Each structure stands twice: as structure tokens, then as C-alpha cells.
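Please read the structure below before turning to the comments.
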Amino acid sequence: MDINKYTPKYKISQGNLLRLSDMTTEDIFELLYLAKAMKKKFKVGEHPPVLKNKTIALLFGNVSTRTRVSFEMGIRQLGGDYIFLPKNETQLSRGESIKDTAVMLGRYGLSAVVLRAFTDAEVSEFARYSSIPVINGISDETHPLQILSDLFTIWEVKGRFDKLKIAYIGDGNNIANSLIMGCSKVNMDIAIDSPHGYSPARDVVERGMQFGNVLITDDVTEAVRGADIVYTDVFISMNDEDDEEKKRILARYRVTKETMALAKEDAVFMHCMPAHRGEEVSAEVIDGPQSIVYDQAENRLHINKAVLALLTK
Ligand code: CP
């Protein structure tokens, strides 16, 4: 399905946003079209009050800059309110169950809850018991909001998805998993260049292959040749222990100008951030003319607004 021939209805089939594998291509396009409309309004100072009288809980288990600020500002701009709940200040940190927390949060008049830094299994369990929409703000295995924002950014910059190729270089983490699902569902080819032992989850790759072209390789030239987009992420994910051996293995997966030279001439560089210059990417690439990382970060705002607007309708 071609996004540019799609007519949005501004509704989605899901009551929650847990992972991209649950979403149809139409759901993804609906969110991207609404994000585009939200961004257009934002740029001229218009803020539709679609969250008026609605309060969103932000239940966060780890630190955040982009996810937290884009949700807090997005909710304010849409006329809503929020409660920021650091997980370690709730009874979850003292052993209260996911079930009790989910059931109880549904009793206070909240309109949705954003979970950050829970496991994928906990996100599913929370959603099973929740009477209000649950949004996954990052889990150990997935980061759907980031990839929706990235797809929106790619659509803005490249104007289409069909026949585009994205090369992801580095650790096969939650970003790689969600990129495989997201790109496959919008008909982009994806190549992952990861070292043995750090490839994306096998079940995610197999699932992605049902929808699109997914190549897993340990050959950077094969991955990046003909790519329209080169993407990387940190070597050590946020909740993982620092691991010098992993950093040593991943060191040759750094995206440099030599890596970018393997891609198409008009290729862009993407990174979900935070970034470590000199580790997974050189400063001259992330700060250079091919980088669109700040657009990705900004688009978190517009995607979050679209997600909240459609899920709390
Ligand atoms: N990319 C991302 O999730 O950023 P934060 O960790 O700052 O929220």
C-alpha cells in the first residue's frame, strides 16, 4: 500500500499502542497522517484542544529527555493534563503487582497511561488488566513510538516508503526490532548489520520477513550498498550494564563517513538519540549535512500527539 495514495479516516483499529507487530499498515498510516496535520498546526501556533478534560499518566521506569518532554508538551498543547509518575516513587518499586496497578489506575478518571522501561511482558500484562489505553514508551524489546516518529521523518524527507532501503548498523536492540516491524509494514527494505550474538530477535526477523524484505548480514557493504537511510543506536542500551567486551565487539560497527559513502549519494543518517559521538557514530556524520537526527527528535512530539488524540477519542 502506497501512503501517498492512502485516504486517512483518523481512526485506528487498536485500543492500545503496545508494539508495531500488533498494528496494521493502515493504523501506521493513520498516525502518520494525523502527525503531519498536528505538525502543520503546531508550526502556525494552532493547538486543537482534543485532550481537554483528559489526564494522562506517565509511568516512567527510567530517565528520559525526548519521550518525557514530547509527551508533557504534547499533552499541554492539546489542552490536557498529565501526572508524571516515576516508577520508583510508586508502590511498584515495593512489589505491588502490575495487575493491581493497572486495575487501580483505571479507576481515577485517567484517559491513558504511558509506560516507559517496563519489559514487553509487563507491558502486555498491564494492558490485559487496564480499562484505559496503554501506550508503550519503550520496553526491553520494542520502541514503537520512536519508530513511528522515524517513519514520519522518512516520509517527510524522502516523500515515500516504497522501494526505499534502510540499513541499520550495530546492536540488534529494541530499536532494531521495532525498525524491522515498522519498515516491513510500510514496504521498505531493511538490512541489519550486527555482529554474531547481537543480532535482532529471531522471531522478530521471521515476523518481519512475512511482510517485507529483511536482510540480516555481518557485511557492512552488503547492508549499506544502495541504502537511502543509514541508522544506528548506542552500543549499550539504557538499562543494560556497561559492557566493555560488547563495546569492543561493536567498535567496528561505528557509522563513519566511509560507511555513509557506501550508501546512495542522497542518503540520510538517523539515530534515535541520545548519541555517543566517537562510539557508535562519528561526530562528522551525526553533525554533518546528511544527519536528520533533530527532525527525528522533534517528530516525537507530533507522533505522540497523534497517538494520544486517536487512542483517547
Ligand atoms: N529516543 C528516546 O527514547 O529518547 P529518551 O530516552 O530521551 O526519551
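On a C-alpha basis, how far is the centre of the range 197-266 from the centre of the range 1-78 in Å? Whole number, if you could? Between the Cα centre of the range 197-266 and that of the range 1-78, the gap is 27 Å.
In plain terms, the C-alpha convex hull of the range 207-313 casts an average shadow of 9.0 nm² when viewed from every direction. Counting other Cβ atoms within 10 Å, which GluC sites (Glu not before Pro) in the range 5-106 have at most 15 and lie in a DSSP loop? Sites meeting the loop and neighbour criteria: E46, E96. Dividing the convex hull volume of the alpha carbon atoms of the range 1-72 by its residue count gives 141 Å³ per residue.
Legend: residue pairs K9/K87; K5/K39; K11/K40; K40/K99; K36/K247; K246/K305, Cα-Cα distance threshold 28 Å; pairs beyond threshold, K9/K87; K40/K99; K36/K247; K246/K305. Assuming 1.567 mPa s and 4 °C, estimate D for the range 1-150 with Stokes-Einstein, Rh taken as the Kirkwood radius over Cα pairs, in µm²/s. Answer, rounded: 80 µm²/s. Each Lys and Arg Cβ is given +1 and each Asp and Glu Cβ -1; about its Cα centre, the chain then shows a dipole of about 1520 debye.
Each of I236, V214, V224 was scored by the projection of its Cα onto the charge dipole of the range 196-240, and the greatest displacement toward the positive side belongs to V214; charges sit on the C-beta of Lys, Arg, Asp and Glu. Rounded to 0.05, the FRET efficiency of the E46 and D266 pair, given R0 = 51 Å and the Cβ-Cβ distance, is 0.95. Note on the chain: along the principal axes its Cα atoms extend 54, 45, 35 Å, ordered by decreasing extent. Placing +1 on the Cβ of every Lys and Arg and -1 on the Cβ of every Asp and Glu, with nothing else charged, gives the range 80-177 a dipole about its Cα centre of roughly 240 debye. Farthest toward the positive end of the dipole of the chain, out of Q146, L85, A283, is the Cα of L85, where the dipole comes from beta carbon charges about the Cα centre. A Förster distance of 25 Å, applied to the separation of the beta-carbon atoms of K11 and K158, puts the FRET efficiency at 0.45. Over the chain, Cα pairs under 8 Å with separation of 6+ residues give a relative contact order of 20 percent. Secondary-structure-derived ellipticity at 222 nm for the chain, considering helices only, amounts to -12000 deg cm²/dmol, per-run term -39500 (n - 2.57) for DSSP H runs with n ≥ 4. Take the Cα of E206, step 7 Å toward its Cβ, do the same at K99, and the gap between the two points is 3.0 nm.
No value in this document is a laboratory result; all are computed from the given coordinates. Everything numeric in this text was worked out from a predicted model, so none of it was measured. Note that each Cβ is placed from the backbone with ideal geometry, even for glycine, and that neighbours are counted across all protein chains shown.
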